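Trainee: Encoded as structure tokens, here's the structure I'll be asking about.
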């Protein structure tokens, strides 16, 4: 009987010989092909091209990506040429042609190299996961999103920026947000540790891709931040180019620095990858403030439209104005389950519009309290169902009308230079100052969050016939004067570290101040009271405490603002002191302001009290 042909030893030997031969020839062919592309890449000097450097996040020849998994070459983070050649090797030597392949992990590199090298015979891969996410995100256009400052959070007073990738859906809420943030929770970590680690790169920064409505819940609802959206004129092809690169950054990490390589700075990388001619990062050297990146994007001429989304805080403050005085407590009582929704609907003495406002504001306040963890989920669901059902019975009415506030993009820039002329105790004085960042209460509040101040390295010098001296050298000054209201029982607070002339001596004194208090206001302005414990040093360390009353009128913030504060201090050396400050500012243009100031300070010279009065006229320019 003949042997089965397929069990023949001779056939098996021949079969494996053919397989080895085929594999060998394919390997040789691939090796030859990749070498040809490498030679072509060298000839075209692709490793030195601007776009390749963008894909590697390279400043000069050093990448800002700190994750070794982002590179194929051992020295790829500082050798763009070696990384390009290693990338080609990876594409051609992949053992797998699925989601685990280099091609699927680096679609932006793959697309660019294939285009530049006319790689008709480039290897291919089936990238199921990438294609699934691509179909879900459906990139069509791009929007830069700016959540404004958070009234009581120092870490959020600069604002924040991220990108929204718009899809073909009619609702922007279903689009996806691209965010970059420190891998840390400032609410659970020690505040001092959080600040120090953030300054020195103690956290990794991570990219995330989330539905836009999730980011709105975080910033607009939980953190009470108004949202500004700036539609960009990036084409669909440019948006797609950016999306491919975002996919490459998935899972990578870099060190996060609050003032430089932060959320906003990394959004600029993505915009440059989308449109390499932008070169947005060149405008920043020692600090990257989120609002400044919005200004830079605007100056680049790529903002096509602007939109405003009011925060839950803004909505609730609007309801406070609409509610009659006798009904103002009812929304809170509904949320606290002290009364029922039916008590509102069945009360014929309450006007139907007031019933609507009561229930609508109660729903908003309920959601706000739930987002802060003040209400358990079961209770929240029960109350939400009861309130919305009761509200539905009252019929449809027009939406809440909220006036769009001044756009932050129309406010002043961060760096301020000032020049002044004045009189101190009858002597002519000139002033010269510079401040890298960012905003104080005397600046025009147009486009800025009311009652907030954050300054770094504010320097002011004066020169008179008698002497030249340093008036102030502020290391950091943060102020949050948050007006208390029906729904928001905020504390106001402030802190300052640095040198100034606000103490008993006539020379600059180093001090540390931390204060807290309360503020109340309306559309015209606000008042505040503060208590400020302090420590200072002249020949030795001293302590004291101050009590302040302040007033700010900002009704006409587009053109005018007025500030007044009087302070009484008591020191541990037995002396007391009165300080008085008044200023009136007029906004000339978006980035210029004139300010008339008066300062009165009690001083002690050779154990004798003396008065020091200064009147000055300052010209401030922002850039």
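The values are calculated or read from the model by the stated rules, or taken from the named source; none is laboratory data. These numbers come from a predicted model, not from an experiment. Positions of Cβ are generated from backbone atoms using ideal geometry, with glycine treated the same way; all protein chains shown enter the neighbour counts.
Trainee: So residue 197 ticks every box in (1) closer than 30 Å to residue 485 by Cβ; (2) surrounded by 14 or more Cβ atoms within 10 Å (Cβ to Cβ); (3) modelled with pLDDT under 90 but one. Which box is left unticked?
Mentor: (1)
Trainee: Taking the conditions exactly as written (crowded, with 18+ Cβ neighbours inside 10 Å and out of contact with any helix residue (DSSP H, G or I) (no Cβ under 8 Å at 6 or more places or on another chain)), does residue 325 satisfy them or not?
Mentor: No; evaluated as a whole, the condition is false for this residue.
Trainee: Kindly evaluate residue 268 against the criterion of being at pLDDT 95 or above and either farther than 30 Å from residue 488 by Cβ or in contact with a strand residue (DSSP E or B) (Cβ under 6 Å, 6 or more places away or on another chain) (or both).
Mentor: yes
Trainee: Go through 61, 66 for me and flag whichever is at pLDDT below 95 and either touching a strand residue (DSSP E or B) at 6+ places or on another chain (Cβ under 6 Å) or under 23 Å from residue 242 (Cβ atoms) (or both).
Mentor: None of the other options fit; the residue is 66.
Trainee: State which residue pairs qualify: first residue within 22 Å of residue 378 (Cβ to Cβ) and inside the range 317-344, second residue assigned to a helix (DSSP H, G or I) and at pLDDT below 95 in any location, beta carbons under 8 Å apart, and separation of 6 or more residues or different chains.
Mentor: If the second residue must be assigned to a helix (DSSP H, G or I) and at pLDDT below 95, the pairs left are 335/369.
Trainee: Here's another thing I want to ask about it. Could you list, in sequence order, all residues of the range 447-479 that are in a strand (DSSP E or B) and under 27 Å from residue 409 (Cβ atoms)?
Mentor: First, pick out the residues of the range 447-479 that are in a strand (DSSP E or B): 452-464, 468-479.
452, 453, 454, 455, 456, 457, 458, 474, 476, 477, 478, 479, listed by residue number.
Trainee: Can you say whether residue 374 is touching a helix residue (DSSP H, G or I) at 6+ places or on another chain (Cβ under 9 Å), surrounded by fewer than 17 Cβ atoms within 10 Å (Cβ to Cβ) and at pLDDT 95 or above, as far as the supplied structure shows?
Mentor: Working: touching a helix residue (DSSP H, G or I) at 6+ places or on another chain (Cβ under 9 Å): yes; surrounded by fewer than 17 Cβ atoms within 10 Å (Cβ to Cβ): yes; at pLDDT 95 or above: no.
It is false that residue 374 is touching a helix residue (DSSP H, G or I) at 6+ places or on another chain (Cβ under 9 Å), surrounded by fewer than 17 Cβ atoms within 10 Å (Cβ to Cβ) and at pLDDT 95 or above.
Trainee: Moving on to the next point. Residues in the range 69-81 that are assigned to a helix (DSSP H, G or I) and surrounded by fewer than 17 Cβ atoms within 10 Å (Cβ to Cβ): how many?
Mentor: The qualifying residues number 1.
Trainee: Among the strands (runs of 3 or more DSSP E) confined wholly to the range 506-623, which include 3 or more residues that are over 38 Å from the mean Cα position of the chain (by Cα) and surrounded by fewer than 18 Cβ atoms within 10 Å (Cβ to Cβ)?
Mentor: 592-605, 608-622
Trainee: Tell me, yes or no, whether the range 116-127 has at least one residue that is outside the structural domain of residue 221 (by TED's automatic domain parsing), surrounded by 13 or more Cβ atoms within 10 Å (Cβ to Cβ) and part of a helix (DSSP H, G or I).
Mentor: Yes, because at least one residue in the range 116-127 is outside the structural domain of residue 221 (by TED's automatic domain parsing), surrounded by 13 or more Cβ atoms within 10 Å (Cβ to Cβ) and part of a helix (DSSP H, G or I).
Trainee: Looking at 432, 470, 459, which is the one that is without any contact (Cβ under 8 Å) to a residue 60 or more places away in the chain and within 28 Å of the chain's Cα centre (by Cα)?
Mentor: Values: 432 fails: within 28 Å of the chain's Cα centre (by Cα); 470 fails: within 28 Å of the chain's Cα centre (by Cα).
Just one listed residue meets the conditions, 459.
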